[in-house]
Amino acid sequence: MRKKIVAGNWKMNLNKAEAEILYNNLESKSYPDDVEVIIAPPSIYLNSFSNASKVRISSQDVSANNNGPFTGEFSAEMLHSINLRFAIVGHSERRTFHKETDLLIFQKVEMLLKHGITPIFCCGESLSDRESKNHFSVVKSQLSQIISNLSPKDFSEIIIAYEPVWAIGTGLTANPQDAQDMHSFIRGLISEEFGSEISELISILYGGSCKPSNAKELFSMNDIDGGLIGGASLDSESFESIINSF
Ligand code: PGA
């Protein structure tokens with residue numbers, strides 16, 4: 001059975017007081033036993049939330065380097081030392097604004113796995129990739145480093161988030177069948193390399209304007225195991241409603 005997961009990516013939002021209110025609100029609720037709830041607050045707040053019990057805490061990023069002269073960065077070892085067990089990598093905002101390459105993202109994945117942290121690996125095509133019908137090949141190439149270079153054991157630790165760039169923060173959502181087609185394509189690539197036992201274990205989340213009004217339909221698709229939620233995770237009611245959408 002694949003894990004159902006709803007992860008909230010807070011991005012660079014909320015001051016400390018606002019973040020605490022949202023966190024305390026989420027920690028005071030109960031969630032379905034079969035759904036893992038993860039939140040990824042800005043890194044400046046990670047340490048103060050690391051004792052969470054109802055939700056799991058994720059970083060939004062990590063350095064590809066180990067400790068050393070890398071001003072402003074933080075390492076997988078540091079995340080591990082504050083008991084964090086998840087980190088998002090390869091988000092399209094990092095790929096776009098910080099020019100992160102597939103190779104750099106792969107190095108981050110390796111660093112996380114070395115420290116026992118689960119990478120939430122993001123991939124997804126731009127609008128022009130989709131319009132030119134290159135979306136499958138773009139996503140395949142984003143995944144190629146981790147698929148060709150990780151051992152089956154390491155790969156089975158990963159969570160994948162398919163996030164079409166044109167749907168992120170825009171209010172446009174992939175229609176459930178298009179999202180399902182991409183998730184099934186991704187699972188197929190994993191199966192070709194690692195076999196169906198592993199491909200059937202990997203949770204593949206959908207991200208991109210996922211909200212209470214469309215989560216149920218998206219999560220009902222065969223290969224969609226949950227969501228990576230941006231905007232709608234900043235409001236506890238809408239985030240809870242998405243968590244209860246399976
Ligand atoms: P969104 O963001 O839900 O606001 O579209 C999703 C994401 O970037 O992870």
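The values are calculated or read from the model by the stated rules, or taken from the named source; none is laboratory data. Worth saying up front: this structure is predicted, and the values here are computed from it rather than measured. FYI the Cβ positions are ideal-geometry reconstructions off the backbone, even for glycines, and counts take in every protein chain you see. Heavy atoms of the whole protein, side chains included, go into the accessibility calculation; ligands, DNA and RNA do not. Shrake-Rupley method; radii C 1.70, N 1.55, O 1.52, S 1.80 Å.
When the residues of segment 14-26 are filtered to those that are open to solvent by 60 Å² or more (accessible area, probe 1.4 Å) and polar (S, T, N, Q), the one that is nearest to ARG56 (Cα to Cα) is ASN24. Residues in segment 41-51 that are surrounded by 17 or more Cβ atoms within 10 Å (Cβ to Cβ), assigned to a loop (DSSP other than H, G, I, E, B) and more than 16 Å from the ligand (Cβ to nearest atom): LEU46 only. Looking only at residues that are open to solvent by 30 Å² or more (accessible area, probe 1.4 Å) and among the polar types (S, T, N, Q) in segment 191-202, which one is farthest from the ligand (Cβ to nearest atom)? Per the stated criteria, the residue is SER196.
Among the residues of segment 203-246, the ones that are more than 10 Å from the ligand (Cβ to nearest atom) and of a type in the set (Lys, Arg) come to 1 in all. I want to confirm something. Restricting to segment 158-183 and keeping residues that are surrounded by 17 or more Cβ atoms within 10 Å (Cβ to Cβ) and more than 16 Å from the ligand (Cβ to nearest atom), which single residue is nearest to ILE224 (Cα to Cα)? Result: GLN180. Of the helices (runs of 4 or more DSSP H) entirely within segment 90-132, those holding at least 1 residues that are of a type in the set (Val, Ile, Thr) occupy 92-97, 102-114.
Residues that are within 14 Å of GLN107 (Cβ to Cβ) and assigned to a helix (DSSP H, G or I) within segment 72-89 comprise just one, ALA76.
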